[in-house]
Amino acid sequence: MNKQPQIWINPKSDLKFKNWEEVFSKPSRLEVTAFLTGQVFTGPFILIDSDHPKTPEEQKKDQWVPVLSYLVKHPEKGYFLLDSGVPEVDSNNRCDFNLLLGLFNTKCQSEKGRNVAGQLETLKIPNKDLNFVLASHLHWDHIGGMEALRKRGPIKVLISEEEAEDASKAFSIFHGYSSTALSFDFDLSTLPKDKFFEMPILGSVYDLYGDGSVWVISATGHTEGEIAVLLNATSGPLLFTFDSSHLKAGFENEVPPGATTNKEKSTDIIRRMNTFSKKFSKVKVIYGHEPTQWKGDPIVSLAK
C-alpha cells in the first residue's frame, strides 16, 4: 500500500444536487454484478450488539456469513469494484485469517477461483479495465482479494481520508486492521474530505463522478472511516451498507454492530439509512454480511 496516498480528483465534484428526488429523477445506466467470494464464521461480537434490547435472539450466535465484492460498470467511466472480498483459498479451501499474533482467528471458507480475481478472469476483465477498488473500509475481509488482484497487474484503491488515517496509526490492530492485509503493493487515493456535503436524511455524502450516479456516504461507526454507497441505477437505486450494518436484523431494528469504534455514530447512520429506505421504497438495501441475501450462484446481476 502506498503510505502517502494521493487525493482523488473529480473536476465535476462541485456539481451538487439539492435533494434525493432530483437525484432519482436522473438515474444512470449502471451495471452491477455481485461476486460471492467466500464465507467467514463469526458472531455477535462482530455482527450485532447482543446486549441491545432489540437484537433478535436468533442472531445471538456464531454463524457463517457471506463476503461480497461488487463489479460496477459506469456507462461513460467504465469499471470499478466495491471491496475485494476474501483471499484465494489454500489446498483445503480455507482462507482463515489471524489478528493479534493469532489470538483472534476467523474461519474462512471458499472455493478455488471464487475470489474476485478469479471471477474477473471468468468475465475476461483485466486490471487495466478497472479504474479502482472503492473500499468500504480496510478490514481484511474487505480487502483480502487485493493480493490476487495485484498479481494480475497494477491496481488502485480509493478510501476515505479518515480510514487511511486510522489504519496507519501505531495501534490500528486494535481497530481490526491487519498489517498483512495492508502490506500488498497497491496505489492508494483518498476521497477529498472538503468535497463532501450534506444531503437530506443521509447527511455527509460525496458525488463520486459528479453526475449523481455513485454516492459515497460517510458511515463512521464500525470504523472511523467506514463508508456506505448508493448506486443510482436505472433499474432502481441500490444502497450498500457494508459493515455499517452487517445484518438485515441490525438494520431493521436499528441495532449497531458488535464491533464499533463509535457506537453512537454507528447507531445514527443506521437510523439515517433505515429512514431513507422507508422514505424511498424503491431503494433496495444490500446488507454487509446478510446470509439470507446470498444463496445459489456465486455471480449475481443486481442491475443491468
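The values are calculated or read from the model by the stated rules, or taken from the named source; none is laboratory data. In this text the structure is predicted, and so the values were computed from the model without any measurement. Here the Cβ is made from the backbone with ideal geometry for all residues, glycine too, and neighbour counts use every protein chain on show. Ligands, DNA and RNA are excluded from the accessible area calculation, which covers all protein heavy atoms including side chains. Shrake-Rupley method; radii C 1.70, N 1.55, O 1.52, S 1.80 Å.
Quick rundown of the values:
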read-out	value
Normalised contact order of the stretch 48-102, rounded percent, pairs of Cα under 8 Å and 6 or more residues apart	20 percent
Only Lys, Arg (+1) and Asp, Glu (-1) charged, at Cβ; the chain dipole about Cα centre in debye	760 debye
Note, ³J(HN,Hα) from phi for the stretch 230-237, Karplus 6.51, -1.76, 1.60, rounded to Hz, x at Gly and Pro	10, 9, 8, 8, 5, 7, x, x
Cleavage-rule hits (GluC sites (Glu not before Pro)) in the stretch 94-168: DSSP loop, at most 15 neighbouring Cβ within 10 angstrom	111
Solvent-accessible area, 1.4 Å probe, carbon plus sulfur percent, for the stretch 251-290	37 percent
Residue of 291, 237, 75 that the Gaussian network model of the chain assigns the largest fluctuation, springs spanning Cα pairs under 10 Å	75
Distance violations [Cα-Cα > 23 Å] among 156/295; 248/295; 16/263; 73/284; 26/282; 151/295	156/295; 16/263; 151/295
Cleavage-rule hits (trypsin sites (Lys or Arg not before Pro)) in the stretch 48-90: DSSP loop, at most 11 neighbouring Cβ within 10 angstrom	61
Option label - Cα extents along the principal axes in Å computed here, alternatives (i) 49, 48, 41; (ii) 88, 43, 34; (iii) 55, 44, 35	(i)
Mean-position separation - Cα centroids, the stretch 113-139 and the stretch 243-289, in angstrom	26 Å
Solvent-accessible area per residue for the chain (1.4 angstrom probe, square angstrom)	45 Å²
Estimated inter-spin distance, residue 45 and residue 129, nm [label 7 Å along Cα→Cβ]	4.1 nm
³J(HN,Hα) computed for each position of the stretch 123-132 - Karplus, 6.51 cos²θ - 1.76 cosθ + 1.60, integer Hz, glycine/proline x	8, 6, 10, x, 4, 5, 8, 9, 5, 5
Zone residues, the stretch 61-102, relative to residue 111, backbone N less than 14 Å from point 7 Å out along Cα-to-Cβ	89, 93-94
Estimated vicinal HN-Hα couplings, Hz - the stretch 104-118 in sequence order (Karplus 6.51, -1.76, 1.60; Gly, Pro = x)	10, 10, 10, 6, 9, 9, 6, 10, 4, x, 8, 5, 4, 5, x
Computed accessible area, residue 271, all protein chains, 1.4 angstrom probe, square angstrom	120 Å²
Among beta bridges that DSSP assigns inside the chain, antiparallel share in %, nearest 5	70 percent
